[in-house]
Amino acid sequence: MASALDDLLAALPTDEVARVEAVFHAFTHPRPRPLTEEEQALMARAEGQVMSGQDGLFRLWTWRRPGGGPRVLLVHGWESRASHWLAWVPSLLAAGFDVVAIDGPGHGEERGKPTHVLALARATVQAARTLGPLQGLVGHSAGSAACLYAFAQGIQTRASVHISGPTHLTRVLDQVAGAALPPTLWPAFHRRFETFLGQPAADFDLPRLSVGLGRHKALLLHDPVDAEVPFSSAETLRDAWPGALLETVEGLGHRRILRAPEVVARAVGFLAA
């Protein structure tokens, strides 16, 4: 794959090579998100654990109830971090759960290093196997895709919630390339990213991950006018997942949906049912 990419890039004018490289860099280097005062208080109450994975270091943050409870694992999205589950942790604890949230490779306290969604997915698999039986998984955006990958790798849970999640990495690459590059440079961007990924992007599309669907109940929450991940992704996942529930959440977009009290209440109630 690397030689094919080198041949392709060698045939492009220097300025076009630079454009492809700039888009690739932006897509693989998550921008840091500093903690707010509320998030600092939340993280101060958590137990932190550094994990060494296939794609570098990542962290698990755990909030426990007195006496313990069934575990729920939270998986953040791209350019997010564990502290962004601020609205979720107290509600899950009140519902009787212990809560574990990931800071994926290149995110949170492990920021500054290049990464990709497969690294987040492999960290999710490792975390789930380390934690043992899970009552639920919740994934936002790329975190939802990471959960789908984990299910395809045999991770089991009693329920999962997917918020504004994409279903096809190839479509995400097209979306990124389409926003920054002329169509003639899309193939170069795809191949540059796949070289970094180490495998075809199509391996992370829903048809390759559908083997893990249908083993537990699932709730899908998505804003029909989400500007970052189209609502059609949620419809595609619902159609591929026997028994999955798709509920629309209007007026919250792609990121505010994670802070909405009604979304948290619906998801926590679903996990606890």
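The values are calculated or read from the model by the stated rules, or taken from the named source; none is laboratory data. This one's a predicted model, so the numbers in the text were calculated from it and none came from an experiment. Virtual Cβ from ideal backbone geometry, glycine too; neighbours counted across all protein chains shown.
Does at least one position in the range 86-93 carry a residue that is crowded, with 24+ Cβ neighbours inside 10 Å, modelled with pLDDT under 95 and either of a type outside the set (V, I, T) or not assigned by TED's automatic domain parsing to the domain that holds F27 (or both)?
Looking for residues that are crowded, with 24+ Cβ neighbours inside 10 Å, modelled with pLDDT under 95 and either of a type outside the set (V, I, T) or not assigned by TED's automatic domain parsing to the domain that holds F27 (or both), one finds none in the range 86-93, hence no.
Name the residues in the range 118-148 that are surrounded by fewer than 22 Cβ atoms within 10 Å (Cβ to Cβ) and among the polar types (S, T, N, Q), would you?
Q126, T130, Q135
Are any residues in the range 98-117 surrounded by fewer than 23 Cβ atoms within 10 Å (Cβ to Cβ) and either farther than 14 Å from P30 by Cα or among the charged types (D, E, K, R) (or both), and if so, which ones?
D98, E109, E110, R111, K113
Based on what the data block shows, is H29 surrounded by fewer than 19 Cβ atoms within 10 Å (Cβ to Cβ) and either of a type in the set (S, T, N, Q) or closer than 30 Å to L181 by Cβ (or both)? Give the steps one after another, and end with the answer.
Numbers: surrounded by fewer than 19 Cβ atoms within 10 Å (Cβ to Cβ): yes; either of a type in the set (S, T, N, Q) or closer than 30 Å to L181 by Cβ (or both): yes.
When the stated conditions are applied, H29 passes them.
Residues of the range 176-207 being under 21 Å from A119 (Cβ atoms) and over 17 Å from the mean Cα position of the chain (by Cα), which ones? Full working, then the answer.
Going through the range 176-207, the residues under 21 Å from A119 (Cβ atoms) turn out to be 176-177, 189-206.
If the condition is that a residue be under 21 Å from A119 (Cβ atoms) and over 17 Å from the mean Cα position of the chain (by Cα), then A177, F189, H190, R191, R192, F193, E194, T195, F196, G198, Q199, P200 are the ones that fit.
Which ones in the range 83-101 are in a helix (DSSP H, G or I) and more than 15 Å from I163 (Cα to Cα)?
Passing the criteria: S83, V89, P90, S91, L92, L93, A94.
Of everything in the range 49-68, what is within 20 Å of the chain's Cα centre (by Cα) and free of Cβ contacts under 8 Å to residues at least 60 places away in the same chain? Give them in sequence order. Steps first, answer last, please.
Just the residues of the range 49-68 that are within 20 Å of the chain's Cα centre (by Cα), to begin with: 49-62.
Hits for the range 49-68 are Q49, V50, S52, L57, R59, W61, T62.
List the pairs whose first member sits in the range 213-225 and is over 20 Å from T157 (Cβ atoms) and without any contact (Cβ under 8 Å) to a residue 40 or more places away in the chain, whose second member is part of a loop (DSSP other than H, G, I, E, B) and of a type in the set (A, V, I, L, M), and whose Cβ atoms are under 9 Å apart, counting only residues at least 6 apart or on separate chains?
Pairs that qualify, where the first residue is over 20 Å from T157 (Cβ atoms) and without any contact (Cβ under 8 Å) to a residue 40 or more places away in the chain and the partner is part of a loop (DSSP other than H, G, I, E, B) and of a type in the set (A, V, I, L, M), are P224/V249.
Would the range 238-250 turn up any residue that is without any contact (Cβ under 8 Å) to a residue 24 or more places away in the chain and out of contact with any Phe, Trp or Tyr (no Cβ under 6 Å at 6 or more places or on another chain)?
So in the range 238-250, the residues without any contact (Cβ under 8 Å) to a residue 24 or more places away in the chain come out as 238-239.
Narrowing the set further to residues that are out of contact with any Phe, Trp or Tyr (no Cβ under 6 Å at 6 or more places or on another chain) leaves 238-239.
Looking through the range 238-250, at least one residue is without any contact (Cβ under 8 Å) to a residue 24 or more places away in the chain and out of contact with any Phe, Trp or Tyr (no Cβ under 6 Å at 6 or more places or on another chain).
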